[in-house]
Amino acid sequence: MIESSKEKSQNKKNTTPKGLNSKNTVMQYEEKIRPSKLEEIIGRRLEKETLQIMIGSARRRGEVIDHILFYGPPGLGKTTFAVAIANEVGASIKITSGPAVERQGDLAAILTGLKKNDVLFIDEIHRLPKVVEEILYPAMEDGMLDIVMGKGPTAKTIRLSLEPFTLIGATTQIGKISSPMRDRFGLIQRLDFFSEDDLVEILKRACRLWNITIEEDALKALSTISRGTARVGLRLLRRCRDYAESKKEKTITLNTVKKTMKLLGIDEVGLERIDREILFTLLNNFAGGPIGISTLAASISEDESTVADVYEPYLMKCGFIKRTSRGRVLTQKGLKYLEYIEDEKR
């Protein structure tokens, strides 16, 4: 059994600057357990080693580290890596997102406010408007900011020097980032799903910090249904804690996890209602496929990007569907899963 205890408070030197991003209660809760250094990040051995070599080399040369792009499904630690990197180099980090930077002036204000060695983290960087993205090119490559004053034949370009900084971008859709933008990153790092062992360790750490007592078999069950994603595992852990408290239980048991997941509509492999709806739609409406993603999304009344970015990656990881040149196809493994679900209903 994992007994609850309090860990030392996290170093809060590098928090999001006021005005760039506001935090709600849930985000503050997650921030409490966010690792502050690379060595505190669980798993990701190769990624951490690569970054430590990169940071150490830049320090020896007295330079800022190269720009970095993280990509992969949501909830796998892209923001965590950005915060940890900033702490490693002793720099401030400014956090924003692609949709929040609507005009060139918005980004220009952020860039001119950066100090030497600062880290600028842009989440969902693939959603930066094209005109905004273009002023990043000289900023990333030459440390210069080009500002156009006026319009038409009287327009003038003013070039300003920027302090050396590091841009860290995060995206779930690297294919939507233009080639000129991708080529300006010194390191492009893919983050894949966590292993179940890593998720167990992540959940153990969260239990210590959140003062939660949980049994080992309950931890294993939670790691299995966490979809290989730390964010999902932590969310489910909080819901299990809520259920245990409502029943006046001091410890989260395997039975607590099972009952909580039943309420949430999550099965033993971590699939939710929408996941099952996707699989049944493929089988019943399209004879198992192949079918295009836009047609599939429309059939279940979901946004295409939500299906492609949130649900499809895990269904593919489970081996329940596969992508072909003609569209999505239900696999034999997926068919057997649906047969099992039907048998359970009877």
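Filter region 39-59 down to the residues that are of a type outside the set (A, V, I, L, M, F, W, C) and outside any helix (DSSP H, G or I), then identify the one that is nearest to G233 (Cα to Cα).
If we filter region 39-59 for residues that are of a type outside the set (A, V, I, L, M, F, W, C), which is where we start, we get 39-40, 43-45, 47-50, 52, 56-57, 59.
Among the residues that remain, those that are also outside any helix (DSSP H, G or I) are: 43-44.
Working: G43: 15, R44: 17 Å.
Within region 39-59, the match that is nearest to G233 (Cα to Cα) is G43.
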The number of residues in region 142-174 that are in a helix (DSSP H, G or I) and modelled with pLDDT of 85 or more is 1
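Of the residues K258, K333, K250, K317, which is open to solvent by 60 Å² or more (accessible area, probe 1.4 Å), touching a Ser or Thr at 6+ places or on another chain (Cβ under 8 Å), touching a residue at least 12 places away in the same chain (Cβ under 8 Å) and among the basic types (K, R)? Don't jump to the end; show me each part of the working.
Numbers: K258 fails: touching a Ser or Thr at 6+ places or on another chain (Cβ under 8 Å); K333 fails: touching a Ser or Thr at 6+ places or on another chain (Cβ under 8 Å); K317 fails: touching a Ser or Thr at 6+ places or on another chain (Cβ under 8 Å).
Step by step, each of K258, K333, K250, K317 is checked, and only K250 is open to solvent by 60 Å² or more (accessible area, probe 1.4 Å), touching a Ser or Thr at 6+ places or on another chain (Cβ under 8 Å), touching a residue at least 12 places away in the same chain (Cβ under 8 Å) and among the basic types (K, R).
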Residue pairs within 9 Å by beta carbon, gap of at least six or interchain, first lying in region 41-57 and on the phi > 0 side of the Ramachandran plot and of a type in the set (A, V, I, L, M, F, W, C), second surrounded by 12 or more Cβ atoms within 10 Å (Cβ to Cβ) and modelled with pLDDT under 90, listed first then second, are none
Those helices (runs of 4 or more DSSP H) completely within region 205-273 that have 1 or more residues that are within 18 Å of I33 (Cα to Cα) are 216-224, 230-246
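Just checking, which of I168, I158 is in contact (Cβ under 8 Å) with a residue 40 or more places away in the chain and either buried (at least 18 other Cβ atoms within 10 Å of the Cβ) or farther than 30 Å from K317 by Cα (or both)? Spell out how you get there, then give the answer.
Numbers: I158 fails: in contact (Cβ under 8 Å) with a residue 40 or more places away in the chain.
Exactly one of I168, I158 is in contact (Cβ under 8 Å) with a residue 40 or more places away in the chain and either buried (at least 18 other Cβ atoms within 10 Å of the Cβ) or farther than 30 Å from K317 by Cα (or both), namely I168.
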Of the residues in region 289-312, those that are part of a helix (DSSP H, G or I), buried (at least 16 other Cβ atoms within 10 Å of the Cβ) and out of contact with any Phe, Trp or Tyr (no Cβ under 9 Å at 6 or more places or on another chain) come to A297, V307, A308, V310, Y311, E312
In this structure, does E201 turn out to be open to solvent by 70 Å² or more (accessible area, probe 1.4 Å), among the acidic types (D, E), at pLDDT 90 or above and over 28 Å from T50 (Cα atoms)? no
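The values are calculated or read from the model by the stated rules, or taken from the named source; none is laboratory data. Only a predicted model underlies this, so the values are computations on that prediction, with no experimental measurement involved. Reconstructed Cβ throughout: ideal geometry from the backbone, glycine too, with neighbour counts over all protein chains shown. Note: accessible area is taken over every heavy atom of the protein model, side chains too, but ligands, DNA and RNA are not part of it. Shrake-Rupley method; radii C 1.70, N 1.55, O 1.52, S 1.80 Å.
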